[in-house]
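The values are calculated or read from the model by the stated rules, or taken from the named source; none is laboratory data. In this text the structure is predicted, and so the values were computed from the model without any measurement. Here the Cβ positions follow ideal geometry from the backbone for every residue, glycine too, while neighbour counts run over all protein chains shown. Heads up: the accessible areas ignore ligands, DNA and RNA and are worked out on the full protein's heavy atoms, side chains in. Shrake-Rupley method; radii C 1.70, N 1.55, O 1.52, S 1.80 Å.
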Amino acid sequence: RFQDLLGRRWLVVFSALVLIYLFMPVIVTILFSFNDNLGRYNFVWQGPTLRHWQNACGVLGLCPAMIKSLQVAALATLGATILGTLVAFALVRYRFYGRGPTNLALFLPMATPEIVMGTSLLALFLNLGMTRGFRTIVIGHIMFNISFVVVTVKARLQGQDANLEEAAMDLYADEWTTFRKVTLPLAMPGIIAGALLAFALSFDDFVITNFVSGNTITFPMFVWGAAQRGIPPQVNVMATLMFIVAVTAALLGLLVQRRR
C-alpha cells in the first residue's frame, strides 16, 4: 500500500523534497538567530536564547547598513519600474525602427556577468568624474533592473486582450480614461511582479555594489565584511525579519488576488 501511495503521490513527495532542499539555508538562518553563541562565531548550536532579537541593532553599523540597503532598493525599484514599464509598453504596443535590436539589447544586462557590469559601471563613473557613493549605487541598480522589469511587464502585456481597450473606446472613453480604467489595471500584476523582482535583486546585490559604492555600506557589504571576523547572530535576526516580511507580503498578495 505504501508503494502504491508513493507511486500516486510521487510528484508531491518530490516537490516537497525540493522545497525542503531550497529552504534549508533559510531554516538554518532562522534557527541560528536564536543561538546562544559564545565568542564571535555563530556556526555551532549552543542553546536557544532571545537576547539577539532583543538587541538586533547591537552590532555597530548593522542597522545603518540595513536602512541604506532599503533606501537604495526603494529608489532603484521606483526608477526601474517606471522606466521599464514605459519601455515594455513601447515594445509591445508600437512598431518602430530598431525594435528588434532594442529587444536584444535589453537582454544583454541580464546575460552579462555581474563582475563585467560592475567594472563597466566603475569605469563609466570614473570617466564622468562622479564620486562613488549612494548616488552611483542607485544609478547602477536602476540600470541592471530595467531589463528584468521590461521582461516581466512585457510578458503581461502580450497576454492582454486588446479588444477590451477597443470596447472601452467604443463606449466613448478617451485614451487616458481607457488607460487608467482598463489598460493599467490589467497590466498591474505584471508591474507589481517586476517591482518586487527589482527590489529583491537590488537589496541582494553585492558584486556590482562593491564596485560603485565608495564608502557607502549596504547590508550585503556589511555581511561580507563581518564574515572576515565572524558573522554576528544579529545578521541572522535581520535576515529572518526580511524573510518574514517577504513571505507576509506574498501571502497578502495571494489573499487579495483570491478575494478579487
> Which ones in the range 155-178 are in a helix (DSSP H, G or I), open to solvent by 70 Å² or more (accessible area, probe 1.4 Å) and either hydroxyl-bearing (Ser, Thr, Tyr) or out of contact with any helix residue (DSSP H, G or I) (no Cβ under 8 Å at 6 or more places or on another chain) (or both)?
Replying inline: Asn163, Glu166, Asp170, Trp176
>> Go through (1) aliphatic (A, V, I, L, M); (2) without any contact (Cβ under 8 Å) to a residue 24 or more places away in the chain; (3) over 17 Å from Gly194 (Cα atoms) for Leu122 and report which single condition fails.
In response: (2)
> Taking the range 215-260 as the search range and keeping residues that are outside any helix (DSSP H, G or I), modelled with pLDDT of 80 or more and in contact with a Gly (Cβ under 9 Å, 6 or more places away or on another chain), which one is most open to solvent (accessible area, probe 1.4 Å)?
Replying inline: Asn215
>> Please return the ranges of helices (runs of 4 or more DSSP H) entirely within the range 30-149 where 2 or more residues are surrounded by 12 or more Cβ atoms within 10 Å (Cβ to Cβ) and in contact with a Gly (Cβ under 7 Å, 6 or more places away or on another chain).
In response: 62-93
> Right, Arg180: out of contact with any Lys or Arg (no Cβ under 9 Å at 6 or more places or on another chain) and among the basic types (Lys, Arg) or not?
Replying inline: yes
>> Any residue at all in the range 10-20 that's part of a loop (DSSP other than H, G, I, E, B) and open to solvent by less than 50 Å² (accessible area, probe 1.4 Å)?
In response: no
>> List pairs: first residue in the range 97-116 and closer than 20 Å to Leu201 by Cα, second residue part of a helix (DSSP H, G or I) and polar (S, T, N, Q) anywhere in the structure, Cβ distance under 6 angstrom, at least six positions apart or on different chains.
In response: Leu106/Ser147; Pro109/Ser147; Met110/Ser147
>> Quick check on the range 203-212. Is at least one of its residues hydroxyl-bearing (Ser, Thr, Tyr), surrounded by 13 or more Cβ atoms within 10 Å (Cβ to Cβ) and farther than 27 Å from Thr102 by Cα?
In response: no
> Looking at (1) open to solvent by 20 Å² or more (accessible area, probe 1.4 Å); (2) closer than 30 Å to Met169 by Cβ; (3) within 13 Å of the chain's Cα centre (by Cα), which is the only condition Leu196 fails?
Replying inline: (2)
> Leu5 passes all but one of (1) modelled with pLDDT of 85 or more; (2) farther than 19 Å from Ala227 by Cβ; (3) loosely packed, with under 13 Cβ neighbours inside 10 Å; which number fails?
Replying inline: (1)
